[in-house]
Amino acid sequence: MAGPDAASYLQRMLSNDVEALDLGEACDALLLTAKARVVATTTVWRRGDDEFLLLTEPELGERLLGELRRFRFAAKATIEPEQHVSTLVVGPETPVGGISNSDYGTPAFELLDAEADGAEEIDAAALELLRIRARTPRFGRELDDRVLPAEAGLDERAISFTKGCYPGQEPVARLHYRGHANRGLRVLGLEGEQPPYDAELSHDGAVVGRITSSVAASDGTIVALGYVRREVPADVELVLADGRRVTQA
């Protein structure tokens, strides 16, 4: 997005304080419905005074583009799709041109259309393990139209509670200031095969949550991410429908 109204338009549409970004800085943000359901997650990178690149998942690109174009009206800004190859560099040193990434619980940066010289490649399972242990939600797994941002922990990293209005702000603020999320993401551990998506979790005979992502660790155990009701203690075992015991990390 580029143009004299690019910053003010994104400020009105997204959940985080885009106008506060300095040149070269980035922040996580959400595009929400009026009822605060997540339309798309994005990392907003200010690459010019009046120019921003919105990085999102490949399957969300067309939807994000369409929604931003639909509500643009008279804003003096152009919105065009771009496609990039993103290389994730995990480590404390910031590569030249790197965009900060907070998905993995450790310093990480994205390089666009460039390779990380001298870096050792890690496989997808190792990356997924980092994401799960960092409790980072992924669209299509932890995020869908059933989930509010606070339930997925996104209010801590992708929402500003001091900026002006944006779609979904009222229910987001009401939950933040007057209540609490009834469930949240927890890291889980179990033995055996990976459980299916949305596998139910029970405690004392009642369904209290569901598993959304899982991956096999190097020791053969399964590390999972799932929603668990707030009132369930974090030190109790949960049970899958097949009888397997699930520990909470």
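The values are calculated or read from the model by the stated rules, or taken from the named source; none is laboratory data. All values derive from a computational prediction rather than experimental measurement. Don't worry about glycine lacking a Cβ; one is built from the backbone with ideal geometry, like all the others, and counts go over all protein chains shown.
Computed quantities for the displayed model
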read-out	value
Checklist (1) in a loop (DSSP other than H, G, I, E, B); (2) within 25 Å of Ser15 (Cβ to Cβ); (3) of a type in the set (Phe, Trp, Tyr) applied to Tyr197, failing item	(2)
Extreme residue, nearest to Gly184 (Cα to Cα), among residues of the range 132-154 that are of a type in the set (D, E, K, R) and crowded, with 19+ Cβ neighbours inside 10 Å	Glu151
Residues satisfying the stated conditions in the range 231-249, i.e. closer than 18 Å to Arg135 by Cβ and touching a strand residue (DSSP E or B) at 6+ places or on another chain (Cβ under 6 Å)	Val232, Ala234, Leu238, Val246, Thr247, Gln248, Ala249
Pairs with Cβ under 9 Å, 6+ apart, first in the range 103-120 and surrounded by 15 or more Cβ atoms within 10 Å (Cβ to Cβ), second in a loop (DSSP other than H, G, I, E, B) and modelled with pLDDT of 95 or more	Asp103/Ala134; Asp103/Thr136; Asp103/Arg138; Tyr104/Ala134; Tyr104/Thr136
Count - residues of the range 100-115 that are of a type outside the set (S, T, N, Q) and either outside the structural domain of Gln83 (by TED's automatic domain parsing) or touching a Gly at 6+ places or on another chain (Cβ under 9 Å) (or both)	7
